[in-house]
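Only one structure is covered here, and it is reproduced in the block below.
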Ligand code: SAJ
């Protein structure tokens, strides 16, 4: 945790409110607030508290507020004992009452920015949060938006809402954008040691945003504007989405050329420079990668430009679930079994390994297509004991029992703890979309 103090030089000549807020942040008398206590907001609240700031979390979900005030965490990367100690010490608390903003000096906003069905940005949560901030904003307040969004959001949407109160940015209040880079479940990189990019509407805003983060995080990178900061995040995740799309298309090519795409990628990955391995899969899941790039393509469309790579990668990634079902259908057909009426066990439904999140998971798309084709679908995932699927509640079945009964097992999520060798012994046929059975030889295995 860096405790680098911003030299007076950065803030020299800035308004007294900036100097006064800088002093409060530096001597830890500033009262910090975080709106949105999810996988971004709760870890950030804990880090700010750990750095010695008094923190008030604000969330519209009463269950989250109550859980935190009882000293418990609902985020897998945040330990409950740590939350309990902070709440007991009276340095962390949660509320659904936005009027507390009157007493706060800094405010980080980490609310969802989903996509509408039309793949347009859904700014509902950001607007609702900013309406509350505008209601209680006061001189000396630093506001930092962290929700992933299109370039221009902070300047074009948030700033006018806050200035409508008559307060002037860079003089009375301070406004920044800083992209969240939380990777849930990452055993190495967590909030404190992930470099933090921050860009403000004015230089004083940037310096104050950087100063706040420098009290709690290991590394802070200042950029020249909020738009740059917004675009940094979109480049990061669009890069991922497009490269996953590329490797999925390579997998389709390898299928036609009858070569092993996994062997090819592993060999290419021996190149020590100029290459970064991505892996084919059943599709693109999660609340970041399938969504963030469409915030960028939406914005570029506003200026009359088509984001062709994003659209193409989206098409390719979107067809992977169908490709997986085709693999299953062909594998059953080779065993004189129609897909219709066959029992298919989906192994792993979370959107990526070792987590419990099924949002946008490709497993749901695969299960949908399988059912449309008449297959009898069940799933087994230790991280997801039950889930709502197309209006029905489904429970995770016992893996080995399910594999024994199934006509086909399809590995969609390669959780580390799965007993792969036992499943191979037990199942009659396995379609492996993740190369999870790497190194195992059997006629039963059909690889992506
Ligand atoms: N996927 C592939 N092939 C790959 C990598 C991922 O098919 O080579 C699939 C995954 O199975 C999953 C989806 O893509 O369904 C997204 O996977 P992800 O590894 O990108 O994980 P996310 O969605 O949790 O992405 C987050 C992002 N973090 C933030 O936005 C702050 C992303 O920027 C990180 O790079 C990523 O975690 C990470 O590296 O783990």
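Structure above, values below:
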read-out: Check on residue 299, away from the ligand (no atom under 16 Å from the Cβ), outside any loop (DSSP other than H, G, I, E, B) and over 19 Å from the mean Cα position of the chain (by Cα); value: yes
read-out: Boolean, residue 304 is surrounded by fewer than 14 Cβ atoms within 10 Å (Cβ to Cβ) and either more than 21 Å from residue 369 (Cβ to Cβ) or at pLDDT 95 or above (or both); value: yes
read-out: Tally, over the stretch 370-396, of residues that are surrounded by fewer than 16 Cβ atoms within 10 Å (Cβ to Cβ) and under 19 Å from residue 415 (Cβ atoms); value: 4
read-out: Any hit, the stretch 344-354, residues being without any contact (Cβ under 8 Å) to a residue 60 or more places away in the chain and either surrounded by fewer than 20 Cβ atoms within 10 Å (Cβ to Cβ) or out of contact with any helix residue (DSSP H, G or I) (no Cβ under 6 Å at 6 or more places or on another chain) (or both); value: no
read-out: Residue, nearest to the ligand (Cβ to nearest atom), within the stretch 355-367, restricted to residues that are assigned to a helix (DSSP H, G or I) and out of contact with any helix residue (DSSP H, G or I) (no Cβ under 8 Å at 6 or more places or on another chain); value: 363
read-out: The listed residue being within 16 Å of the ligand (Cβ to nearest atom), in a helix (DSSP H, G or I) and closer than 15 Å to residue 362 by Cβ, out of 287, 322; value: 322
read-out: Matching residues in the stretch 261-284 - criterion: being at positive phi and within 11 Å of the ligand (Cβ to nearest atom); value: 283
read-out: Residue match in the stretch 329-339 (condition: within 16 Å of the ligand (Cβ to nearest atom), part of a helix (DSSP H, G or I), in the same structural domain as residue 252 (by TED's automatic domain parsing) and surrounded by fewer than 22 Cβ atoms within 10 Å (Cβ to Cβ)); value: no
read-out: Which numbered condition residue 72 fails, given (1) surrounded by 14 or more Cβ atoms within 10 Å (Cβ to Cβ); (2) without any contact (Cβ under 8 Å) to a residue 24 or more places away in the chain; (3) in a helix (DSSP H, G or I); value: (3)
read-out: Residue count, the stretch 157-190 (criterion: assigned to a helix (DSSP H, G or I) and within 15 Å of residue 109 (Cα to Cα)); value: 5
read-out: Unmet requirement for residue 313, which otherwise passes all of (1) surrounded by 22 or more Cβ atoms within 10 Å (Cβ to Cβ); (2) under 17 Å from residue 431 (Cβ atoms); value: (2)
read-out: Residue check, residue 163 in contact with a helix residue (DSSP H, G or I) (Cβ under 6 Å, 6 or more places away or on another chain), over 30 Å from residue 350 (Cα atoms) and away from the ligand (no atom under 16 Å from the Cβ); value: no
read-out: Flag if residue 232 is touching a strand residue (DSSP E or B) at 6+ places or on another chain (Cβ under 9 Å), in contact (Cβ under 8 Å) with a residue 12 or more places away in the chain and either more than 16 Å from the ligand (Cβ to nearest atom) or not assigned by TED's automatic domain parsing to the domain that holds residue 317 (or both); value: yes
read-out: Selection status of residue 210, crowded, with 21+ Cβ neighbours inside 10 Å, within 15 Å of the ligand (Cβ to nearest atom) and part of a helix (DSSP H, G or I); value: no
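The values are calculated or read from the model by the stated rules, or taken from the named source; none is laboratory data. None of these values were measured; they are calculated from a predicted model. For neighbour counting, all protein chains shown are included, and Cβ atoms are generated from backbone atoms with ideal geometry for every residue, glycine included.
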